[in-house]
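Peer 1: Sharing a structure with you now.
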Amino acid sequence: MSFDELLHRRMRTIDNWPMQGVQFRDIMPLLADPEGLRGCVSAMRGCMALAGFDDIHAVAGIEARGFIIGSALAHDLGVGFVAIRKAGKLPGEVVAQAYELEYGTATLEVQKDLVQVGARVVLVDDVLATGGTARAAAALLDAVGAQVVGLITLLELAALNGRDRLEGLPIESVRQI
Ligand code: AMP
């Protein structure tokens, strides 16, 4: 089975979760499938090759599903992993960035001393929706001196125009829906 077919079969859409009006794209069944997890990594590597994201020093993943696929990708590439977490989870000195959600705001944080200045970092998340989360994460990496090479996502919700909020950041998604 091709990865595209696997993605189609194993990714499920949950209507009205976590709130009314949201169609939640659940990648957990895909990740629970050994071929699915392996396929995610090779699809993301394919995206990196296509986009010319090379000579990478680290992968940064956004909490929480970006941790799973981002660390699998980092392991496959033989590079380190940087966690971008929700506020209050990381000890020590952190940089924080607030961003807007559909209702209210949220904050992401990264520890200050994880990447060397100028390190080439690829950002990873499962879904690109409005782009606010990825924009905050990219700003954090920038603030700690990393060079954000681009963003890789498994799914891009094209109708939400997340790309428009991420001008200047190269984006490659495995699938647009
Ligand atoms: P956004 O900031 O609007 O681009 O939202 C992206 C973040 O929210 C990612 O970390 C996703 O995991 C999560 N997210 C947003 N919309 C969805 C959705 N429809 N299904 C699954 N995850 C979503």
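The values are calculated or read from the model by the stated rules, or taken from the named source; none is laboratory data. Nothing here was measured: the structure is a model prediction, and the numbers come from that model. Note that we place each Cβ from the backbone using ideal geometry, even for glycine, and neighbour counts take in every protein chain shown. With ligands, DNA and RNA removed, areas are computed over all heavy atoms of the protein, side chains included. Shrake-Rupley method; radii C 1.70, N 1.55, O 1.52, S 1.80 Å.
Peer 1: Restricting attention to the range 149-159, and to residues there that are free of Cβ contacts under 8 Å to residues at least 60 places away in the same chain and under 16 Å from the mean Cα position of the chain (by Cα), which single residue is surrounded by the most Cβ atoms within 10 Å (Cβ to Cβ)?
Peer 2: Leu151
Peer 1: A follow-up question, please. How many of the residues making up the range 49-84 are over 28 Å from Ala96 (Cβ atoms) and either open to solvent by less than 40 Å² (accessible area, probe 1.4 Å) or not charged (D, E, K, R) (or both)?
Peer 2: Here the count works out to 5.
Peer 1: Moving on to the next point. Any residue in the range 44-71 that is over 14 Å from Ile171 (Cα atoms) sitting within a Cβ distance under 6 Å of a residue that is at pLDDT below 95 and among the polar types (S, T, N, Q)? List the pairs, counting only those 6 or more apart or interchain.
Peer 2: none
Peer 1: Across the range 1-20, which residue is surrounded by the most Cβ atoms within 10 Å (Cβ to Cβ) among those that are touching a strand residue (DSSP E or B) at 6+ places or on another chain (Cβ under 9 Å) and free of Cβ contacts under 8 Å to residues at least 12 places away in the same chain?
Peer 2: Looking at residues that are touching a strand residue (DSSP E or B) at 6+ places or on another chain (Cβ under 9 Å) and free of Cβ contacts under 8 Å to residues at least 12 places away in the same chain, I get His8.
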